[in-house]
């Protein structure tokens, strides 16, 4: 998705520690004029999938999920909660994953009320690198007996292993920008 | 806002401990078809305010902020981060408030890059009860030198003091549903 690549190059910042900051338009300040373009592209890629629910994760996935839902007949967006999510009660699907980014275990939960075997879910997130968040969402969707239409990612660090490991399970992963390499010296190279 | 009151009565659940759960449409599962109605109503109420930025707080404020932005010329939405937000760096406006809900101190931060004295902000959130989150956002907007157009709240527990204390400071607070009283026995009574 060329417009997205352009935005990443012009507005993203590469920091030490393999960090790509896109918080000027995606995950702290949100460019709500651009976000529907992302949703439209996910629709194009998953047009044939009869998605009836979007599953994502707080916080950065929420805006992406909502902007995409309108292209899937305004299907409900369910966002998983991170950490000790007392406010959703105990009746949850949940999983604990180790986060390499945070160097800590993190529990991800969804109330059982909002996912079921009748759901065909599109799983969305902003970033895919090691894949912890996406693995957690896939696990939760499986616990609920959902069909998984696939995973839609805004930015994949394709040089990390998360995406490949999920594709090897036979799950479709569509990333709108796939980064082949990235450094403060040479900038960003995208996969063709 | 009658449609919202109806949704709260039909889909909300009152739990012990003065808890109103609206997670079937607002803050865990999101009704993306209804959310623009909320945005439209905020626009109607703040139409004269020349808002050029929406300030909200993760996680539940994000969907509301994005759904509202389209009615304010797709102005940027900035969401404050809670807790130890390492991923936005150290150059932040931040404030620590005591959360009665969580019975803990909570730090709320926004990167200095995304708020300035040129901004006229509409501050949005899902709930207003004691007002900790809203106070934190107001404090951050003031630190940044923003003009505050006002605060838009989806559901205010008007029997708690948060809203009144903020209005007493001369800040305009518009709540789309104002709950006068609420109990598991008698249900919900809205302010007229």
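Just name the residue that is farthest from the other protein chains (Cβ to nearest Cβ) out of those in segment A:14-26 that are part of a strand (DSSP E or B) and touching a residue at least 60 places away in the same chain (Cβ under 8 Å).
Initially, segment A:14-26 is screened for residues part of a strand (DSSP E or B), giving A:14-15, A:19-21.
Checking which are touching a residue at least 60 places away in the same chain (Cβ under 8 Å) leaves us with A:14-15, A:20.
Details: A:14: 14, A:15: 9, A:20: 11 Å.
In this case the residue turns out to be A:14.
Filter segment A:72-84 down to the residues that are more than 7 Å from every other protein chain (Cβ to nearest Cβ) and surrounded by fewer than 20 Cβ atoms within 10 Å (Cβ to Cβ), then identify the one that is modelled with the lowest pLDDT.
Among those that are more than 7 Å from every other protein chain (Cβ to nearest Cβ) and surrounded by fewer than 20 Cβ atoms within 10 Å (Cβ to Cβ), it is A:84.
Would you check which residues across segment B:106-115 are away from every other protein chain (no Cβ under 11 Å) and modelled with pLDDT of 90 or more and list them?
B:107, B:108, B:112
For segment A:27-57, which residues satisfy the criterion of being under 28 Å from residue B:110 (Cα atoms), in contact with a strand residue (DSSP E or B) (Cβ under 9 Å, 6 or more places away or on another chain) and in a loop (DSSP other than H, G, I, E, B)?
Residues satisfying the conditions are A:27, A:28, A:31, A:32.
Where in segment A:122-192 are the strands (runs of 3 or more DSSP E), entirely inside, with at least 2 residues that are in contact with a helix residue (DSSP H, G or I) (Cβ under 7 Å, 6 or more places away or on another chain) and buried (at least 19 other Cβ atoms within 10 Å of the Cβ)?
Hits in segment A:122-192: A:147-157, A:173-183.
Restricting to segment A:8-36, give me the number of residues that are more than 30 Å from residue A:186 (Cβ to Cβ) and buried (at least 20 other Cβ atoms within 10 Å of the Cβ).
Looking only at that region, the number is 1.
Does segment A:37-50 hold any residues that are surrounded by fewer than 17 Cβ atoms within 10 Å (Cβ to Cβ) and within 21 Å of residue A:12 (Cα to Cα), and which are they?
Residue satisfying the conditions is A:37 alone.
Taking segment B:61-71 as the region of interest, how many residues are facing another protein chain (nearest Cβ under 10 Å) and surrounded by fewer than 24 Cβ atoms within 10 Å (Cβ to Cβ)?
We begin by selecting, within segment B:61-71, every residue facing another protein chain (nearest Cβ under 10 Å); these are B:61-70.
Applying the additional criterion that residues be surrounded by fewer than 24 Cβ atoms within 10 Å (Cβ to Cβ) yields B:70.
Matching residues across segment B:61-71 total 1.
In segment A:85-112, how many are more than 19 Å from residue A:146 (Cβ to Cβ) and either free of Cβ contacts under 8 Å to residues at least 12 places away in the same chain or surrounded by fewer than 18 Cβ atoms within 10 Å (Cβ to Cβ) (or both)?
Total satisfying the criteria: 15.
The values are calculated or read from the model by the stated rules, or taken from the named source; none is laboratory data. Keep in mind that this is a model prediction, so the values were computed, not measured. As a convention, Cβ positions derive from the backbone with ideal geometry for all residues, glycine included, and neighbour counts pool all protein chains shown.
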